[in-house]
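The values are calculated or read from the model by the stated rules, or taken from the named source; none is laboratory data. Keep in mind that this is a model prediction, so the values were computed, not measured. In this analysis, Cβ positions are derived from the backbone assuming ideal geometry, glycine residues included, and neighbour counts consider all displayed protein chains. These accessible areas exclude ligands, DNA and RNA; they are computed on the full protein's heavy atoms, side chains included. Shrake-Rupley method; radii C 1.70, N 1.55, O 1.52, S 1.80 Å.
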Amino acid sequence: MNAFVDFLGPDGWQAVGLSLRVSIWATVLSLPLALYVAYVLARKEFWGKQLLNGIVHLPLILPPVVTGYLLLMTFGRRAPIGAWLEQTFGIVLAFRWTGAALAAAIMAFPLMVRAMRLAIEAVDPKLEQAARTLGASSAQVFLSVTFPLILPGMIAGAVLGFAKAMGEFGATITFVSNIPGQTQTVPSAIYGFLQIPGGESDALKLVGLSVVLSLGAVLIAEVLARRVANRISGQ
Amino acid sequence: MSLSIDIRHQLADFELDVAFDAPAGVTALFGASGAGKTTVINALSGLLRPDHGRISLDDQVFLDTAKGIDLRVQQRRLGYVFQDHRLFPHMRVARNLSYGQRMQGLPKDAAHEQRVIEMLGLSALLQRFPAALSGGEKQRVAIGRALLSKPRILLLDEPLASLDQARRQEILPYLERLRDEADLPILYVSHSVSEVARLATTVVILERGKMRRMGPVSEIFADPEAVGAIGVSALGAILKARVAHHHDDGLSELSTSCSKLFLPMVQTDVGSNVRIRIRAQDVMLSLTEPKDISALNILKGTITALQQGEGPGVLVQVKCGDDLLLARVTQRSAKAMALSLGQELFAVIKSVSVAQDDISAATL
């Protein structure tokens, strides 16, 4: 047991735990919104659709440090929304793990939307029409036909988002800094170890762990998605 | 049941303008592809909102653009069978079948379910997924799924068009049973003369968005003026007949309102009703009763309509008993025989010219 703890040291393990917490929250919270936006982009025609599409993709295109700075200007303790959140709900994002989760969620959002939009576009709207002729309301159509058919795409999107959240660095360190036990995720910890002499071996261990975690996530998602896809196509 | 449709809708290259009241039975919307048939039933089902019009079933108004009434698809309770089956790929056949009942929160009606499953021969398929069904099986499941949603009317949009000949022959008898047993009005969209001849009670002919003719199938198919829509080689009267006797020499004797008919063995029991399609090009005419001739069916009748086509042919409608026959002869023959309205003559039909596909079980 001690060997296990000693492998990364308390700071290392703390970073891993924090990264997992941040990434899980980021994925879970942005999933419903990503699904909604993906559905709207795939199925609806409205004024400003291209603009919405552009905004959704912005975190993918902007340098992460810019996204982080924008977050700081919006959600910092003296920024308008940040101050309002603190006064009204007592929620502080800047320099807290919650802020790290927000940054990770925003960075992962476009990837999740893209994967889900593809899945939704692959569902034949004729099936949904058929469901309506059989007496299903819009909500019933979504739950009984659309949702089960896009489930593999949703899982893929969620895993992609989770992996992105685990690896997020630029926006996170700009928005919430690199405070051990508070905002130091695995990538920030690696960066931190590399800043001190003789920290390379600790950094290398975390690098190895990152590779294992990321690879594991992708493999699990692949297996899950395939299982669901098989169930759906009836094989 | 009274279904009343009166709609106008601008399509890409012409305006659809259709108004008709469908009586009970199978009403066939017949016309070439692109005539606007599917648009009519999409408007009826609510999947498409026509520019102007009114649609009602019995006392329920589905659509009235003047009054701003437009019932949602799921509120209309129509069983829609699509050309491309549209089964839900992630549900087994049983779940597909019960979909409408579950979504509408209807109480489970095991007897009705059993009847439909039996009528469509689905019991062996219930645990399969759609991916494991043949084209014909998928279409049967789609029909069953529509029926089990307890619809007030059944819409069939070219249900056989995507199937090969063998699968069509497999499904047609089910559709005939459906017409005769399900006690449900059916709107049947098709561009196939043989399907309409077998299944329809009433025919509505559409041409480029306009209604050309409408009437009982036996009248429309024996109407020389319908030739443009039906096509000269497919045109032919439909007779109703009862199987009277199966003879040992492979012939079946049938009784019609005008005379006995001898046809190659009809595959139904003595006493059952059939409808027989006799193509106009297979009917010969004679002024005197032919003797010493191989043809077995010689029917005496009166000319009720004559129409000269654009080609060398003349279409002659002959009334015999309550039935109408249609014969296609050359202008030269018509002139030589001096054919005229009201004239009595004999129609000659070779037994072997009537194919099995032209004979179907029916209550006309």
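Averaged over its residues, the range B:1-92 has an accessible area of 41 Å² per residue, based on protein heavy atoms and a 1.4 Å probe.
Using a 1.4 Å probe over protein heavy atoms, the accessible area lost on pairing A with B, summed over both chains, comes to approximately 2000 Å². Entry note, chain B: the mean residue ellipticity at 222 nm calculated from DSSP H runs of n ≥ 4, each adding -39500 (n - 2.57), is -7000 deg cm²/dmol after division by the residues and rounding to the nearest 500.
May I ask you to give the percent of accessible area on the range B:172-270 that is carbon plus sulfur, with a probe radius of 1.4 Å? Looking at the range B:172-270 in its full context, I get 47 percent from C and S. Projecting label points 7 angstrom from Cα along Cα→Cβ for A:F142 and A:F46 puts them 1.2 nm apart.
For the listed residue pairs A:K126/B:K108; B:K240/B:K300; A:K126/B:K37; A:K44/B:K150; B:K291/B:K350; B:K240/B:K291, the alpha carbons are over 24 angstrom apart in A:K126/B:K108; A:K44/B:K150; B:K240/B:K291.
Interface burial in the range B:77-92 reaches 50 Å² or more for B:R86, B:F88, B:P89, B:H90, comparing the full protein assembly with the chain by itself; accessible area from heavy atoms with a 1.4 Å probe. Taking the chain by itself as reference, the range A:113-142 contains these residues with an accessible-area loss of 30 Å² or more in the full protein complex (1.4 Å probe, heavy atoms): A:K126, A:L127, A:Q129, A:A130, A:R132, A:T133, A:L134, A:G135, A:Q140. For the pair B:A24 and B:Q60, a Förster radius of 22 Å applied to the C-beta separation gives a FRET efficiency near 0.85, rounded to the nearest 0.05. Taking every protein chain into account, the accessible area of the range A:112-225 amounts to 43 square angstrom per residue (probe 1.4 Å). Between the C-alpha center of the range B:106-156 and that of the range A:46-83 there is a gap of 52 Å.
With all protein chains present and a 1.4 Å probe, how do A:T88, A:T67 order by accessible area, largest first? Before the final figure, lay out the partial values.
Working: A:T88 75, A:T67 10 Å².
From most accessible down to least: A:T88, A:T67.
Within the listed set A:D124, A:D11, A:D202, the Gaussian network model of chain A (springs between alpha-carbon atoms below 10 Å) gives the highest mean-square fluctuation for A:D124.
Quick one: Cα centre-to-centre distance for the range B:191-254 and the range B:41-99, in angstrom? Using only Cα atoms to place each centre, the spacing works out to 29 Å. Entry note, chain A: the mean residue ellipticity at 222 nm calculated from DSSP H runs of n ≥ 4, each adding -39500 (n - 2.57), is -26500 deg cm²/dmol after division by the residues and rounding to the nearest 500. Placing pseudo-labels 7 Å out from each Cα toward the beta carbon at A:E200 and A:V65 gives an inter-label distance of 2.5 nm.
Legend: residues in the range B:93-119 shielded by at least 40 square angstrom of accessible surface upon adding the remaining protein chains to the isolated chain (1.4 Å probe, heavy atoms) are B:Y99, B:M103.
So how do B:H90, B:H191, B:H247 rank on accessible area, 1.4 Å probe, biggest first, that is with the largest at the start?
On the way: B:H90 30, B:H191 95, B:H247 60 Å².
Reading off the accessible areas and sorting them downward yields B:H191, B:H247, B:H90.
With every protein chain in place and a 1.4 angstrom probe, the accessible-area ranking of B:E344, B:E253, largest first, reads B:E344, B:E253. Across A:S138, A:S19, A:S210, mean-square fluctuation computed from a Gaussian network of chain A (C-alpha pairs under 10 Å connected) peaks at A:S138. Here the 3J(HN,Hα) profile of the range A:215-221, calculated from phi with Karplus coefficients 6.51, -1.76 and 1.60 at θ = phi - 60°, is 4, x, 4, 5, 5, 4, 4 Hz, Gly and Pro shown as x. Sequentially through the range A:47-62, phi angles give Karplus couplings (6.51, -1.76, 1.60; θ = phi - 60°) of 5, x, 4, 5, 5, 4, 4, x, 4, 4, 7, 3, x, 6, 9, 5 Hz, Gly and Pro residues having no value and appearing as x.
Could you grab the Rg to Rh ratio for the range B:216-255? Cα atoms only, Kirkwood for Rh. Don't skip to the answer; put the middle values down first.
Details: Rg = 14.4 Å, Rh = 12.0 Å.
That ratio is 1.20, to two decimals.
For the protein assembly as shown, the spread of Cα positions along the three principal axes, ordered from largest to smallest, is 120, 53, 46 Å. Pairs of Cα atoms in the range A:10-233 fall into 5 Å distance bins, from 0 up to the last occupied one, in shares of 1, 7, 12, 15, 16, 14, 12, 9, 6, 4, 2, 1, 0, 0 percent. Between B:D357 and B:A124, the FRET efficiency estimated from the beta carbon spacing at R0 = 30 angstrom works out to 0.65.
When the solvent-accessible area of the range A:10-233 is split by element, carbon and sulfur atoms take up 69 percent of it, the probe being 1.4 Å.
Most fluctuating residue of B:A241, B:A12, B:A132 in a GNM of chain B with Cα springs under 10 Å: which is it? Result: B:A12 has the largest fluctuation of those listed. For the range A:138-235, the set of GluC sites (Glu not before Pro) satisfying both a DSSP loop assignment and a count of at most 11 other C-beta atoms within 10 Å is empty.
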